[in-house]
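The structure appears below as structure tokens.
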Amino acid sequence: MRIDIITLLPELLRSPFEASILKRAIDNGVVEIHLHDLRKYGLGNYRQVDDYQFGGGAGMVIMIEPIDNCISDLKKERHYDDVIYLTPDGQTLNQAMANELSLKENLILLCGHYKGVDQRVRDHLVTKEISIGDYVLSGGELGAAVLCDTVIRLLPGVLNDETSALTDSFQDNLLAPPVYTRPAKYKGLEVPEILLSGNTPKIEAWREQKAHERTVEKRPDLLGE
Ligand code: ADE
């Protein structure tokens, strides 16, 4: 998979890809991440990327031309499955969307700033609009990092058996069950006995039941209620 990220703040997006699972995925060639500084496509001597909005009102709007030029350059090199704009009024990201995106070959992520981008970008250049939650960020970069993390960890060869995404919360619309590790007793607090029994089918049944109970208690909406 290849992800091209268009941003005015590439520095903000470097560190998430320089550590842990995402770094390993890149080092192993499972994914390529390319950051594109939109400023380089800015207009004129000042590399202008934004302007006042027509009709008046506070806040600058990112112009269509720098974005169009950047996306066109990328599209000359390869086909893209989607051009995704990160925006608080997009479709809220969930596990099903992450699963679907993990099957794509090439993606462009566009990060907005200020009051956002010229509506013509959204109408004609973007194919999907995604929000990472009902709150407003200063820009799309942290949203892009979240989206990349959740998608890349699903790619074959990124997680090993032990960290397999199949047992994550949300994969069956259920939260993950509780987990415990040594010691079996700490200051009088005990681990559920069943987990020490070695009886795998019983343990599996217990985990399923706990996952269900936890979901009913914390996120009944996931069960469609
Ligand atoms: N940009 C600003 N707020 C955002 C959000 N909640 N999700 C994605 N991109 C954003």
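The values are calculated or read from the model by the stated rules, or taken from the named source; none is laboratory data. Owing to the predicted nature of the structure, the values given are computational and were not obtained by experimental measurement. Cβ sites come from the backbone with ideal geometry, for glycine too, and all protein chains shown count toward neighbours.
Kindly provide the set of residues from the stretch 55-70 that are out of contact with any Phe, Trp or Tyr (no Cβ under 9 Å at 6 or more places or on another chain) and either in a helix (DSSP H, G or I) or under 23 Å from PHE17 (Cβ atoms) (or both), ordered by number. Correct list: ILE64 only. State whether one or more residues within the stretch 101-120 are among the aromatic types (Phe, Trp, Tyr) and either away from the ligand (no atom under 16 Å from the Cβ) or in contact with a Ser or Thr (Cβ under 8 Å, 6 or more places away or on another chain) (or both). Checking the stretch 101-120: not a single residue is among the aromatic types (Phe, Trp, Tyr) and either away from the ligand (no atom under 16 Å from the Cβ) or in contact with a Ser or Thr (Cβ under 8 Å, 6 or more places away or on another chain) (or both). Applying the selection to the stretch 127-142, what residues are more than 8 Å from the ligand (Cβ to nearest atom), surrounded by fewer than 20 Cβ atoms within 10 Å (Cβ to Cβ) and of a type outside the set (Lys, Arg)? Across the stretch 127-142, the qualifying residues are THR127, GLU129.
When the test is whether a residue is modelled with pLDDT under 95 and small (Gly, Ala, Ser), SER164 passes it. Residues in the stretch 162-189 that are touching a helix residue (DSSP H, G or I) at 6+ places or on another chain (Cβ under 6 Å) and either within 16 Å of the ligand (Cβ to nearest atom) or in a helix (DSSP H, G or I) (or both): 0 in all.
Taken over the stretch 172-203, the residue count meeting the criterion of being surrounded by 11 or more Cβ atoms within 10 Å (Cβ to Cβ) and farther than 23 Å from ALA98 by Cβ is 13. Considering the stretch 22-50 alone, what residues qualify as being surrounded by fewer than 13 Cβ atoms within 10 Å (Cβ to Cβ) and either β-branched (Val, Ile, Thr) or assigned to a strand (DSSP E or B) (or both)? Once the filter is applied, which keeps residues that are surrounded by fewer than 13 Cβ atoms within 10 Å (Cβ to Cβ) and either β-branched (Val, Ile, Thr) or assigned to a strand (DSSP E or B) (or both), the stretch 22-50 yields GLU32, HIS34. Restricting attention to the stretch 143-152 and to residues that are more than 7 Å from the ligand (Cβ to nearest atom) and buried (at least 19 other Cβ atoms within 10 Å of the Cβ), the residue that is farthest from the chain's Cα centre (by Cα) turns out to be ILE152.
Within the stretch 91-115, can you find the residues that are among the small types (Gly, Ala, Ser), touching a Leu at 6+ places or on another chain (Cβ under 9 Å) and modelled with pLDDT of 95 or more? Matches in the stretch 91-115: ALA98, SER102.
Screening TYR46, TYR52, TYR85, TYR41 for residues that are assigned by TED's automatic domain parsing to the domain that holds LEU9, under 25 Å from PHE17 (Cβ atoms) and away from the ligand (no atom under 15 Å from the Cβ) leaves exactly one candidate, TYR41.
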